[in-house]
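For reference, the structure discussed in these notes is given below.
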Amino acid sequence: FPCCILQSLLQLLAVAAQKGEMYDRIVIETSGVSEPKAIRRQFFDLMIGGHPIFDFCDLQNMVTVVDSGNFLPLYETSQELFEKPELIEGDDMMIDVATRQVVDLLTDQVETADYVLLNKKDKVGGETMAKLTSIVKAMNPTAEVIECEHGKVDLKVVLGNDRETWIAHGDDEDDFRMALNAVKKESAASCEDPECTDPSHAHSHAHSHSADCKDEDCKDESHDHAHSHSAECKDEDCTDASHT
């Protein structure tokens with residue numbers, strides 16, 4: 001990877017410099033069995049090493065395209081890559097990792113993405129798409145999941161700059177922290193535990209006191225005070241209709 005991609009980037013930037021027109025974006029399309037975490041790590045190492053290419057560009061964001069019709073069967077298999085030759089056919093770079101399980105590669109690709117495109121949505125039913133979406137969001141709660149057909153999406157979305165954090169700018173530890181924070185945020189929004197004392201949770205528990213509040217001097221408007229005085233009222237001039 002480092003040699004071919006880096007060489008191609010250098011060539012593109014050299015041509016752009018000669019023309020005096022720099023690229024707004026350079027899109028790198030990898031193979032379907034590439035390892036995005038390894039690619040990101042190599043970019044990071046080159047940047048830390050002070051490679052001059054990063055004076056002109058950086059790794060902005062990462063997009064994973066999911067084959068909606070085939071993802072779930074592959075995700076649920078225990079097979080290794082060498083048992084699925086159609087996945088690595090023609091990709092000599094994958095020979096060294098051919099013993100890796102297919103599900104591990106799929107997980108890697110989904111987890112290391114700012115945007116996950118669920119392609120070929122027209123090829124699957126609503127129930128399958130719902131299950132797939134749920135799995136993908138659980139694997140990568142920080143990614144924006146977009147359903148599409150024929151890979152058609154708004155480029156302003158997947159190539160935009162509206163996100164606060166980018167998977168492409170992090171590392172494996174950042175991935176874990178971002179996922180953990182996303183889970184905590186979701187948990188806080190749906191917390192219904194009346195005993196919970198976590199101040200980060202948004203508690204909107206509805207307590208009903210209509211049956212147990214018997215304080216005649218209580219001024220809490222949220223309480224439903226329906227006190228019965230029929231047995232204790234002895235005022236002969238009382239005009240309260242609720243008294244008998």
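Read the figures in this text as sums done on the coordinates, not as results from a lab. Because the structure is a prediction, the values reported are computed rather than measured. Glycine also receives a Cβ, built like all others from the backbone with ideal geometry; neighbour counts cover every protein chain displayed.
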Practice task
With a cut-off of 14 Å, note down the residues of region 129-160 whose backbone N falls inside the zone around a label point 7 Å from the Cα of E29 toward its beta carbon.
Solution key: 150-153
Exercise for the section: Would you mind calculating the gained length between E164 and C57 on full extension (0.36 nm times residue separation, minus the Cα-Cα distance), in nm to one decimal? Expected result: 36.6 nm
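Tally Lys and Arg at +1 and Asp and Glu at -1 over the other residues with C-beta under 14 Å from the C-beta of G125: what net charge comes out?
Summing Lys/Arg as +1 and Asp/Glu as -1 gives +1.
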Fill in the blank from the handout: Given a Förster distance of 51 Å, the FRET efficiency implied by the Cβ-Cβ spacing of A17 and Q79, rounded to the nearest 0.05, works out to 0.65
Exercise for the section: For region 57-66, just list the computed ³J(HN,Hα) in residue order, Karplus coefficients 6.51, -1.76 and 1.60, θ = phi - 60°, integers in Hz, with x standing in for Gly and Pro. Expected result: 7, 8, 7, 8, 8, 10, 10, 10, 9, 9
